[in-house]
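Report on the following structure.
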Amino acid sequence: MELSVQGIVRRFGNVTALGGVDLDVAEGEFLTILGPSGSGKTTLLKTVAGFEIPDEGAVFLGGEDVTLAPPRKRDVGMVFQNYALFPHMTVARNVAFPLEMRGVRREEIRRRVEEALRLVELQGFGERLPRQLSGGQQQRVALARAVVFGPGLLLLDEPFGALDRKLREGLQLEVRRLQRRLRLTTLFITHDQEEALIMSDRIAVMDRGRIEQVGPPAEVYARPATRFVADFLGESNLLDGVLADGAVRIGGFTPVPLPGLPPGPVTLLLRPEALRLAEAAEAAPCRGRGRVIETVFLGLSVKLRVQMEDGPEMLARVPLRPSLPPPAQDGEWLAVGFAPEDVHVIPRG
Amino acid sequence: MSSPGASRRLAGRRRELALLAFATPALLLLGVVFAWPVLRLLSLSVEGGSLEHFEKAALDGLYVSVLGDSLKIAAAVTAICLVLAYPVAFWLSRAGRIGAALGLFALLLPFWTSVLVRTYAWLVLLGRNGVVNRALRDWGLIEAPLPLLHNMAGVLIGMVQVLLPYMVLPIYAALLRVDPDLSRAAEGLGAPPWRAFLRVTFPLSLTGVSAGCALVFVLSLGFFITPALLGGGRVVMISMLIEQQVREFLDWPFAAALSAVLLLVTLAIYGLIGRITRGGRLEAA
Amino acid sequence: MITRPTRRGLLRGTGGLVAAALPLPALAQGAAPPKPDRIVVNASGGAMNSIFRRSYFAEFEKLHGIRVVDTSPVDFGKLRAMVNTGNPEWTVTEIGGQDGLRAKALNLLEPIDPAIVDRSSFPEVARDSHVFISSAYSTALGYRTDAFPNGGQPKGWAQFWDVKRFPGARSLRNHPTDNLEFALLADGVPMDKLYPLDMDRAFRKLDEIRPHITVWWTTGAQPAQLLVDKEVVLASGWNGRFFELTRRNAPVATEFTEGSLKSGCFGIPRGTRQAYWGQQFLQVMTNPRLQAIYATELSYAGLNPETINYVPEEIRPMLPVAPGNLAKQFWLDVGWWTENGAKAQERWTRWMLQR
């Protein structure tokens, strides 16, 4: 079922939590709302779920206006941040709850609960109480409960926040597989950009109650529409300058030729992996010299902070191979360069 | 002793003892000012190794029927308190910080005045020519004054007013511990608000309900000023008879026997309440 | 079992030794023992206390230079416990209700020393060997003067029982004492033939009045309040409470006919350390001038025949011991009640529970 959010405004006193949000999620699509805490993403989710009534705007589910409909009338399955499992009910009772509320017959309930538990690989856990399960297992129960009644839309509110990294990665893939199998339209909320990149069909980046950009992960990552998106999604070097005569001058580097763009103030985004160092930089069209301030080993790569001569501090990441020595030592001077094709230009207001 | 397992157990034991040490002053105080006098009192009831006082308490229909009445009154007060307190506690738990502070203040305000004063205040309010009856008459709602005082109604009103906070506070505390996301989840999963409440919020607040019920019930059984003043003499509680035996007839052994019976009945009911609510809190599959 | 000397035992032992080693104290020669810095007088508290402070306490402090500390409330159980544990904190205590003789029977009181406390002019009833009668009061009939104007109030309990001639809500005490007597009087038993009480007959008579009793009162303040609030128009009650209302010009008056007279008592707890000064305090309490202060304020007159002469003339008819009133009333038989109180109470409670 497709979801359409149109012009949603929500104020709490004189704080505007949502300042006019438009968003469309296609049938079967996995859309992630990514934003820092306080950006309004939870309020948006609650509005879609029906726990908040917006001051302005409308919510359409499957083409039907549900703006004022109570949560139970919306056909939406939701997984809460802390799972919100009913602690006094067994796992089976928890999963059966939405079916009971819909008046499903008892044998049918039993069959579907079993099926849902199998789907999340928890067959045989039905008689346990939530507190007897691990965090990951609880998470999966919450998921089973949210999908058992075949909702048209699945809402996931930072469901992996409380889990350790390894468990989180496993579950992320599992949820994604499940979502694909059930072809469930899914709205997923997180502040973890990595998670957003891994899981989503599309990402909507939110800041201060507004959506800054919507697009597939690769596009949002490579071509952020605003400085905020560039900064929030992945690591970046953001360099302010003015485009004039087809080039931008930045301290510490030779001018960056950017032909065919209108003149004016711009911000240049350079991802750390686009920077070349030492010998690799010699042939780069844009070059400068810098001194290594810090090197951090990340296993497959090494991250360096480089202070450019008469210029900004740059973040670089270069792949490591066991056979090669590390590219530089702290305090060492080296050449830093990049190709203009690797630069993404963000116009500045 | 020298095995690593034993020394580890010993370390654990030591930690428990350290924790116990913190509770020791309170335990000692309870022991001295509560447990010891109670035991002394109970031992009085079997003075001389005879059970005659218990025999009298059990065989004389008077004491049995008064005890029965007391239990019924306590149960009624508990039930009324529960019905009145739950919505208040629920509202308080959802009222936000300022609302809750004001609400709790209003709730606890009566504690600043003595039970005796409050009981007299009810005399003024509920009398034949009291505030309530006069208002009802002035509005033309009644012709003759309602008998609100000097009967069971007066006793129940007075006791409920005094005991209400003891019911509200534990339920409020229990409701505060119930994650509001749970009822939200229930509603999101298809439950109308009242079903979400009945299936989720209410069962999870049962610890508070049972604590409140036990507290109010036990306190009710000990009441004698309020029933004596507001009951017009027609309502007799077992505690009134015990007080009479102690103060007026100095028959301490018999008073002790009555107290022992009351204590036993109270403990039994206390256990029962606990068992019922423990059962209710977990839903069978 | 090994007996170990307790600390108290040791102290007592050494005390004895010291006493034996010293020259005999002055006590033996009939003079006063050494003065303590204070004595403790336990009484009902409240208004009574402030009057005590102005009369007896002040006089005693002036005469002997010993401070009087007052405590309350009156508690028979506590008196018994104190005497039994051997260390009464009270030098003198009021004894509530009809418990004076019981206290004496249970051996809780020091005998009163006639050489110190002079009651030779008191009536016979007030010269007990252990119990000091401080005042007399009465359970009488309080009524609203607007309901029964011009002396139209019931006079005597037969009339109280007559609900046709004297309509209106009534109140009696939730207690058998007085009520059994009132019922028998209402049933035609003469005042001097009341005792021993015929309980069966009394309860039968009480059955008649029961539907007309709106409130069975428990505390002394209740009947007065019930009259003021117009909850009832007739109520039995302690005359002092009605006296107070009359003096404050409330439409309430007292009818003494067939009232039940009782005495307020004091005693010296047996074994109290300052027993001698307790005797001296009781002697102060015999003073008619001081008794009159108390009588004037609370209507509870002491039994010194001189007292009435110190009371303002307009107050005298409101005192239960005024010669005209005394004759209309009977003295409650404390002995009968000491003997039969528990039985009567049990029957009373049972009767109250009948529906």
Original post:
In percent, what relative contact order does chain A have, based on Cα pairs under 8 Å that are 6 or more apart in sequence?
Top reply: 16 percent
Subject >> Rounded to whole Å, sorted largest first: equivalent-ellipsoid semi-axes of the range A:85-209, Cα gyration tensor >> reply: 26, 17, 13
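If you average over every viewing direction, what projected area does the convex hull of the Cα atoms of the range B:1-45 give, in nm²?
Mean projected area of the Cα convex hull: 4.5 nm².
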Subject >> Cα-based reach from C:Lys262 at 16 Å (exclusive), listing aspartates and glutamates while leaving out same-chain residues under 8 positions away >> reply: C:Glu94, C:Asp99, C:Glu124, C:Asp128, C:Asp178, C:Glu181, C:Asp192, C:Asp333
**OP:** For chain B, with a Gaussian network of springs between Cα atoms less than 10 Å apart, report the residue from B:Ala23, B:Ala255, B:Ala89 with the top mean-square fluctuation.
**Re:** B:Ala23
Original post:
In what order, largest first, do C:Met191, A:Met89 sit by accessible area if the probe radius is 1.4 Å?
Top reply: C:Met191, A:Met89
**OP:** Provide the packing ranking of A:63-75, C:168-180, B:104-116, i.e. peptides ordered by the mean count of other C-beta atoms within 10 Å per residue, highest first.
**Re:** C:168-180, A:63-75, B:104-116
Original post:
Once the mean 1/r over all distinct Cα pairs of the range A:119-177 is inverted, what Kirkwood radius in angstroms do you read off?
Top reply: 12.2 Å
Original post:
Taking square-rooted eigenvalues a ≥ b ≥ c of the alpha carbon gyration tensor, is chain B rounded, prolate or oblate, where a/c under 1.5 means rounded and, failing that, a/b exceeding b/c means prolate?
Top reply: oblate
**OP:** Please give the FRET efficiency for B:Leu176 paired with B:Ile98, using the beta carbon to beta carbon distance and R0 = 22 Å, rounded to the nearest 0.05.
**Re:** 0.90
Original post:
Tally Lys/Arg at +1 and Asp/Glu at -1 over every other residue whose Cβ is under 14 Å from the Cβ of B:Tyr120; what's the total?
Top reply: -1
Subject >> Heavy-atom accessible area order for B:His150, A:His191, C:His130, largest first, 1.4 Å probe >> reply: A:His191, C:His130, B:His150
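In cubic angstrom, how much convex hull volume per residue do the alpha carbon atoms of the range B:79-164 span? Before the final figure, lay out the partial values.
Details: hull volume 10.0 nm³, N = 86.
Value for the range B:79-164: 117 Å³ per residue.
Using a 1.4 angstrom probe on the protein heavy atoms only, line up A:Lys41, C:Lys164, C:Lys155, C:Lys343 by accessible area, largest first.
Output order, biggest surface exposure first: C:Lys164, C:Lys343, C:Lys155, A:Lys41.
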Original post:
Which value, in Å² and to the nearest 10, is the accessible area of B:Asp138 when all protein chains are kept and the probe is 1.4 Å?
Top reply: 120 Å²
Original post:
With a ≥ b ≥ c the root eigenvalues of the C-alpha gyration tensor of the range A:128-271, is it rounded (a/c under 1.5), prolate (a/b larger than b/c) or oblate?
Top reply: prolate
Subject >> Furthest towards positive pole of dipole, C:Gly237, C:Ile209, C:Ala301, structure part the range C:193-305, Cβ charges >> reply: C:Ala301
Original post:
Considering every residue in B:192-200, what mean count of other chain Cβ atoms within 10 Å of its Cβ is obtained?
Top reply: 3
Subject >> Range of Cα positions in the protein assembly as shown per principal axis (Å), largest first >> reply: 135, 80, 59
Subject >> For the range A:3-230, projected area of the alpha-carbon convex hull averaged over all directions, nm² >> reply: 12.5 nm²
Original post:
If the cut-off is a Cα-Cα distance under 19 Å, which aspartates and glutamates reach C:Lys62, setting aside same-chain residues fewer than 8 apart in sequence?
Top reply: C:Asp37, C:Asp70
Subject >> Sites C:Leu106 and B:Leu198, calculated FRET efficiency, Cβ-Cβ separation with R0 51 Å, nearest 0.05 >> reply: 0.25
**OP:** Could you tell me which GluC sites (Glu not before Pro) in the range A:203-255 are loop residues by DSSP with no more than 14 other beta carbons within 10 angstrom of their beta carbon?
**Re:** A:Glu235
**OP:** Tell me what the protein assembly as shown gives for mean residue ellipticity at 222 nm when only DSSP H runs of n ≥ 4 count, each as -39,500 (n - 2.57), the sum divided by the residue total, rounded to 500 deg cm²/dmol.
**Re:** -13500 deg cm²/dmol
**OP:** Give me the angle, in degrees from 0 to 90, between the Cα long axis of helix C:334-353 and the longest principal axis of the Cα atoms of chain C, rounded to the nearest 10.
**Re:** 50 degrees
**OP:** For chain A, build the charge dipole from Cβ charges (+1 Lys, Arg; -1 Asp, Glu) around the Cα centre, then report which of A:Gln193, A:Gln137, A:Phe80 sits farthest towards its positive end.
**Re:** A:Gln137
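Assuming a ≥ b ≥ c are the square roots of the Cα gyration tensor eigenvalues, decide whether chain C counts as rounded (a/c under 1.5), prolate (otherwise, with a/b larger than b/c) or oblate.
Note, shape of chain C comes out prolate.
Taking each residue of A:97-108 in turn, how many C-beta atoms of other protein chains fall within 10 Å of its C-beta, and what is the average?
Rounded to a whole number, the mean comes out at 3.
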Original post:
For A:Glu27, what is the net charge nearby, where nearby means another residue's Cβ is under 12 Å from its Cβ and Lys, Arg count +1, Asp, Glu -1?
Top reply: -3
Original post:
Can you give the accessible area of B:Phe54, probe radius 1.4 Å, in Å² rounded to 10?
Top reply: 50 Å²
Original post:
At a probe size of 1.4 Å, how large is the accessible area of A:Ser4, to the nearest 10 Å²?
Top reply: 20 Å²
Original post:
Which lysines have a Cα less than 26 Å from the Cα of B:Lys56, not counting those fewer than 8 places away in the same chain?
Top reply: B:Lys72, C:Lys78, C:Lys343
Original post:
Where the centroid of each part is defined by its Cα atoms, how far is the range A:265-321 from the range B:74-103 in Å?
Top reply: 64 Å
Original post:
Hey, if you put +1 on the Cβ of every Lys and Arg and -1 on every Asp and Glu Cβ in the range A:3-230, which of A:Phe12, A:Gln179, A:Gly103 ends up farthest toward the positive end of that dipole?
Top reply: A:Gly103
**OP:** Using R₀ = 25 Å, calculate the FRET efficiency as 1/(1 + (r/R₀)^6) where r is the Cβ-Cβ separation of B:Glu243 and C:Arg350; round to 0.05.
**Re:** 0.90
**OP:** Name the most mobile residue of B:Leu141, B:Leu42, B:Leu125, meaning the one with the largest mean-square fluctuation, in a Gaussian network model of chain B with Cα contacts below 10 Å.
**Re:** B:Leu141
Original post:
Where the Cα atoms of the range B:164-285 are projected onto their three principal axes, how long is each span, largest first, in whole Å?
Top reply: 65, 30, 21
Original post:
How far is helix C:275-285 tilted, in degrees, relative to the longest principal axis of the Cα atoms in chain C, given as a value from 0 to 90 rounded to the nearest 10?
Top reply: 40 degrees
Original post:
Using alpha-carbon pairs under 8 Å, 6+ residues apart, how would you state the relative contact order of the range C:173-323 in percent?
Top reply: 15 percent
Original post:
Counting only other chains, what is the mean number of Cβ atoms within 10 angstrom of the Cβ of each residue in peptide B:225-234?
Top reply: 5
Original post:
Total Lys pairs in the range C:103-248 closer than 27 Å by alpha-carbon, pairs eight or more apart in sequence or interchain only?
Top reply: 9
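The values are calculated or read from the model by the stated rules, or taken from the named source; none is laboratory data. All values reported here derive from a predicted model rather than from experimental measurement. Cβ sites come from the backbone with ideal geometry, for glycine too, and all protein chains shown count toward neighbours. Note: accessible area is taken over every heavy atom of the protein model, side chains too, but ligands, DNA and RNA are not part of it. Shrake-Rupley method; radii C 1.70, N 1.55, O 1.52, S 1.80 Å.
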